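The values are calculated or read from the model by the stated rules, or taken from the named source; none is laboratory data. Remember, it's a predicted structure, so these values are computed and weren't measured experimentally. Neighbour counts run over all protein chains shown; Cβ positions are idealised from the backbone, glycine included.
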Amino acid sequence: MENYTVYMENVTIDSTTEIMAIVQLAYGIPSISLMIFAFFLISFGKRYKNSSFYRLVQFDLLTNILVYLNTWIAIRIEMHPNFVFIVKFVESRLPGLMTWLKYFPYWFFHMHFWTAELLTFHRMTSILFPYNYENFWNRYYPFIFIVICVVSHLPKYIWTGFLYEVYIVNGQLISINFPKTLDTAINVVALFSTIYFVLNIINGVLTIGLASRKIEAATTSKSNIKKKLTLISITYSLVYTAEVVWSVLNSASSYLHFLPPWFTKLNNSLLVFASDMFTLSLPYIMLAFDTNVKKDVCICCKKRPVSNQGTIVFVSQS
């Protein structure tokens, strides 16, 4: 199929898309708020300053905040006629930015793998090199982050150009779509989804195996801490696996056509839900398993505003 132009301001919407958007906002707004809170908590909280594990968590949280915001600007907003003006405003102020923002979901796809695997690698090094791993991660984490950002961009060079190019021409917001390039990009995602799925399973199994053998040698308090951090990384890895399985199934179905037509029709919207499941999951995982985060959240919630004849006072609940 040849390249074709889409006039983005002429978009129409159906009730299914509207309902899905409402659902996405219903869980997305509190989840992204919790994620931003967790990011600043770990950035400035005293409990987390000297821990290399929390530096990796901080990097992951920042990545996922950017992922989530980008999906709205680059993908979701343009589905709603009343909000396309936001996309047009961004493109008018920073010409060419929307073209890059539409590429970023493919870049973040690879970033997702590496940010999840960093937590697993950290737990493996803490078990294999208990006396040296903190120095290594604290010393080299800025370099590691830069390398991951660069490596995640390299798969783009398997195809040429962009998948979409957004411009404002004669006052109209348009998107030039490149179907052949998009097909290549989808195949690349399918290939890497399979690779990441296998690597993620292998690393997870190795981490569980190492943890079950080595943690018992530590003191009781240190053992409990290591177990909880390992549980966080393994749980996060499992959630990531679910997202990758979705990509593998979609790619396989494009060739074998085993998914039902109604499922394929809703594929893009459902894919957003699958992505959100991983993108927004880490704060909830930490609340479930991380004692430090639980304590700080409880401290923040310990005082609540109570109205007293028009005046706000704070009443301790301890």
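Against the definition (touching a residue at least 12 places away in the same chain (Cβ under 8 Å) and either out of contact with any Pro (no Cβ under 8 Å at 6 or more places or on another chain) or more than 30 Å from Ala274 (Cβ to Cβ) (or both)), how does Phe162 come out, yes or no? In short, yes. Answer yes if at least one residue in the range 70-85 is under 21 Å from Tyr236 (Cα atoms) and either of a type in the set (A, V, I, L, M, F, W, C) or out of contact with any Lys or Arg (no Cβ under 8 Å at 6 or more places or on another chain) (or both), and no otherwise. Yes. Among the residues of the range 13-28, is there at least one that is more than 24 Å from the chain's Cα centre (by Cα), modelled with pLDDT under 90 and small (Gly, Ala, Ser)? Within the range 13-28, one or more residues are more than 24 Å from the chain's Cα centre (by Cα), modelled with pLDDT under 90 and small (Gly, Ala, Ser).
Just give me the residues in the range 142-179 being hydroxyl-bearing (Ser, Thr, Tyr) and more than 19 Å from the chain's Cα centre (by Cα), in sequence order. Once the filter is applied, which keeps residues that are hydroxyl-bearing (Ser, Thr, Tyr) and more than 19 Å from the chain's Cα centre (by Cα), the range 142-179 yields Tyr157, Thr160, Tyr164, Tyr167, Ser175. Screening Ile148 with (1) farther than 30 Å from Tyr236 by Cβ; (2) out of contact with any Ser or Thr (no Cβ under 7 Å at 6 or more places or on another chain); (3) surrounded by 14 or more Cβ atoms within 10 Å (Cβ to Cβ) gives one miss only, at (1).
Restricting the first member to the range 59-87 and to residues that are touching a residue at least 24 places away in the same chain (Cβ under 8 Å), and the second to residues that are of a type in the set (D, E, K, R) and part of a helix (DSSP H, G or I), the beta-carbon pairs closer than 7 Å and six or more apart or on different chains are Ala74/Lys102; Val84/Glu9; Val84/Glu78; Val87/Glu78. Of all residues in the range 165-182, those that are within 15 Å of Lys102 (Cα to Cα) and free of Cβ contacts under 8 Å to residues at least 60 places away in the same chain total 2. Looking at the range 1-10 only, could you name the residues that are in contact (Cβ under 8 Å) with a residue 12 or more places away in the chain and assigned to a helix (DSSP H, G or I)? Correct list: Met8, Glu9.
Checking each residue of the range 103-114 against the condition of being touching a strand residue (DSSP E or B) at 6+ places or on another chain (Cβ under 9 Å) and in contact (Cβ under 8 Å) with a residue 12 or more places away in the chain gives at least one match.
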